[in-house]
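The values are calculated or read from the model by the stated rules, or taken from the named source; none is laboratory data. Predicted model, so just to flag it, every value in this text is computed and none were measured. Here Cβ is always computed from backbone atoms with ideal geometry, including for glycine, and neighbour counts include all displayed protein chains.
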Amino acid sequence: MNTTKLLRIYTSENAYSGSTKVFQLICERAREQEIAGATVLDARLGFGRNAHLRTRHILEDERSVVIEMIDDQEKLQALVNSLDDINGIALITMEAVVIVRVGDK
């Protein structure tokens with residue numbers, strides 16, 4: 001049975017946990033837990049449940065970011081469980097994926 005999943009974590013570029021940005025802290029934890037990899041994506045435009053439109057402005061750091069990770073469901077769930085102490089996470093989703101190609105090492 002294929003348990004490969006895509007985990008997405010939504011946060012803000014200006015969200016901090018102590019002196020560390022939330023997206024950096026999440027990536028550090030993912031690396032410590034040997035998640036296969038993580039990518040942080042800047043959102044150009046978006047809104048959430050409060051309908052506040054977030055756009056990319058040069059002088060602002062209020063951009064939304066999405067962290068994507070692909071790995072086995074058990075490893076991703078363990079990572080999610082380890083994030084309970086971090087404020088500033090807006091939404092976490094997990095969905096099934098089919099890997100069709102893996103690049104050269």
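Looking at G18, is it modelled with pLDDT under 90 and more than 14 Å from the chain's Cα centre (by Cα)?
The answer is no for G18.
Looking at region 88-105, which of the residues that are surrounded by 10 or more Cβ atoms within 10 Å (Cβ to Cβ) and either in contact with a helix residue (DSSP H, G or I) (Cβ under 9 Å, 6 or more places away or on another chain) or free of Cβ contacts under 8 Å to residues at least 24 places away in the same chain (or both) is farthest from L7 (Cα to Cα)?
G88
Can you tell me which residue is surrounded by the fewest Cβ atoms within 10 Å (Cβ to Cβ) among those in region 28-84 that are of a type in the set (S, T, Y) and modelled with pLDDT of 95 or more? Steps first, answer last, please.
Step one: filter region 28-84 for residues of a type in the set (S, T, Y), giving 39, 55, 64, 82.
Okay, now just the ones that are also modelled with pLDDT of 95 or more, so 39, 82.
Values: T39: 10, S82: 14.
Residue satisfying both the conditions and the ranking: T39.
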